[in-house]
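The values are calculated or read from the model by the stated rules, or taken from the named source; none is laboratory data. In this text the structure is predicted, and so the values were computed from the model without any measurement. Reconstructed Cβ throughout: ideal geometry from the backbone, glycine too, with neighbour counts over all protein chains shown. These accessible areas exclude ligands, DNA and RNA; they are computed on the full protein's heavy atoms, side chains included. Shrake-Rupley method; radii C 1.70, N 1.55, O 1.52, S 1.80 Å.
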Amino acid sequence: MSPQNVYILGIESSCDDTSASVLCNDKVLSNVVASQEIHQKYGGVVPELASRAHQQNIVPVIDQAIKQAGIDTSNLSAIAFTRGPGLMGSLLVGTSFAKSLALALDIPLIDVHHMQAHILAHFIQDEEQKKPEFPFLALTISGGHTQIVQVNDYFDMQIIGETIDDAVGEAFDKSAKILGLPYPGGPLIDKYAKSGNPKAFPFTKPRVDGLNFSFSGLKTGILYFIQKQVKENPDFIKENLADICASIQYTIITILIDKLKKATKQTGIKSIAIGGGVSANSGIRKALKDGEQKYGWKTYVPKFEYTTDNAAMIGIVGYLKHLRKDFTEMNVVAKARIKF
């Protein structure tokens, strides 16, 4: 630990949440998130509207984060921001603001990989949360990503499995859309699944070699199944909503857990940490905890506020990079697609 306190301002703007956070070393002093409700009526995130909303939100969100932290901008040691991956228009807002502020304050700039941040969120100081020990496997699950990552050190990560088509979050949201549920539908499937029978309707699980995932076939299977049933009984969804949701959720969780079982066998690593927006799903959290009893895993589940897109996870990466003096040049550009 550095003898002098390091204050990092984290900025996250990869999709439709504008977030700013202040960390003192690895401790979160503030974590402010402004969500955009405008996308609900469109049934998904509209990139142009997202970037406009970021422009409106970024100044008040950063102002609030600094005030809540009880510091002044003159206390800041560096500014960390999401460089990618994400929506280009959204990333540009956060990147431009971070660069301008770092220049104005004459402090270092630190670029952060969004998916690495989901993993490193586990290292935020919190008395209630255990930190994983290296090496561990990270399951990163969100609206845009599904990955199994072998984490050997803070910045030594290797993707050993990923989706070959759609992400798990998209599978949840599209399934919800098929059922006529509003966007974002993933949390609603989780909610209704709690009172349903997970084995009421068996859905075919896609067969994919190795540790990779596929969810497009599952989505198509769910669509055809619902269309067929509704043709026979127009009230099918209404009468069976909890069972349908429970069956969809059970199938998705089984796919994830099966791949994790394979990954632990292949790597010999039994410590598993989850991250990303979909890790807020109660069924996935429970299945992972059950894995401790069934398979001898050590599991790490982050707090809800650090699962969805937030700037605290950007801040912790900023702090870890600051310790290494791993700073970014001012000519850095945002990237919609960026490798680890």
Restrict the search to the stretch 237-340; then list the GluC sites (Glu not before Pro) that DSSP places in a loop and that have at most 15 other Cβ atoms within 10 Å of their Cβ. 329
Residues of the stretch 69-88 with backbone N under 15 Å of the label point set 7 Å from the Cα of residue 303 along Cα→Cβ are 69
Take every Cα-Cα distance within the chain, group them into 20 Å bins from 0 onward, and report for each bin the whole-number percent of pairs it holds. 31, 55, 13, 0
Hey, how many Å between the Cα centroid of the stretch 326-340 and the Cα centroid of the stretch 213-255? 40
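To the nearest µm²/s, what D does Stokes-Einstein give for the stretch 114-272 at 25 °C and 0.890 mPa s, using the Kirkwood radius over alpha carbon pairs as Rh?
Value of D from the Cα-based Kirkwood radius: 145 µm²/s.
Considering only Cα-Cα distances, which of the following residue pairs are longer than 32 Å: 219/303; 238/261; 177/298; 265/339; 130/194? Don't skip to the end; give the middle numbers.
Numbers: 219/303 29 Å; 238/261 35 Å; 177/298 35 Å; 265/339 26 Å; 130/194 27 Å.
In this structure, 238/261; 177/298 exceed 32 Å between Cα atoms.
Using the per-residue mean of other Cβ atoms lying within 10 Å as a proxy for protection, in what order, highest first, do the peptides 85-96, 177-188, 219-230, 269-280 fall? Don't skip to the end; give the middle numbers.
On the way: 85-96: 21.9, 177-188: 17.9, 219-230: 15.3, 269-280: 23.6.
Result, highest mean Cβ count within 10 Å first: 269-280, 85-96, 177-188, 219-230.
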If I model a spin label as a point 7 Å beyond the Cα along the Cα-Cβ vector, how far apart are those points for residue 200 and residue 254 in nm? 1.6
Global geometry of the stretch 122-161, whether rounded, prolate or oblate, following the gyration tensor of its Cα atoms and the 1.5 cut on a/c: oblate
Using only Cα positions of the stretch 214-270, each an equal point scatterer, no hydration layer, compute I(q)/I(0) via Debye at q = 0.15, 0.21, 0.22 Å⁻¹ and quote the log10 values to two decimals. -0.56, -0.83, -0.87
All lysines inside 17 Å of residue 335 as judged from Cα atoms, apart from same-chain residues fewer than 8 positions distant: 99
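So, counting K/R as plus one and D/E as minus one, what does the shell of residues with Cβ under 10 Å around residue 32 add up to?
Working: positive: 67; negative: 63.
Within the 10 Å Cβ shell, the charges total 0.
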Counting only protein heavy atoms with a 1.4 Å probe and every protein chain in place, the carbon and sulfur fraction of the accessible surface of the stretch 116-160 in whole percent equals 38
Which of the peptides 240-247, 283-290 is most tightly packed, and how do the rest follow, going by the mean number of other Cβ atoms within 10 Å of each residue? 240-247, 283-290
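Step by step: find N for the stretch 167-251, compute 2.2 N^0.38 Å, then divide the Cα radius of gyration by it. What's the final number?
On the way: Rg = 12.4 Å, N = 85, 2.2 N^0.38 = 11.9 Å.
Taking N as the residue count of the stretch 167-251, the ratio is 1.04.
Multiply the residue gap between residue 55 and residue 129 by 0.36 nm, knock off their C-alpha separation, and tell me the result in nm, one decimal place.
23.2 nm
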Let me have the 222 nm mean residue ellipticity of the chain computed from DSSP H runs of 4+ only, each contributing -39500 (n - 2.57), with the sum over all residues rounded to the nearest 500. -14000 deg cm²/dmol
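In the chain, what percentage of the DSSP-assigned beta bridges are antiparallel, given to the nearest 5?
Working: 27 of 44 bridges.
Taking every DSSP beta bridge with both residues in the chain, the antiparallel ones total about 60 percent.
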Computed D for the stretch 46-140, Stokes-Einstein, Kirkwood radius over alpha-carbon pairs, 10 °C, 1.306 mPa s, to the nearest µm² per second, is 103
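Summing +1 for each Lys or Arg and -1 for each Asp or Glu, what net charge is found among the other residues whose Cβ lies under 12 Å from the Cβ of residue 146? The partial results should precede the final answer.
Values: positive: 259; negative: 162, 165, 166, 170.
Neighbourhood net charge equals -3.
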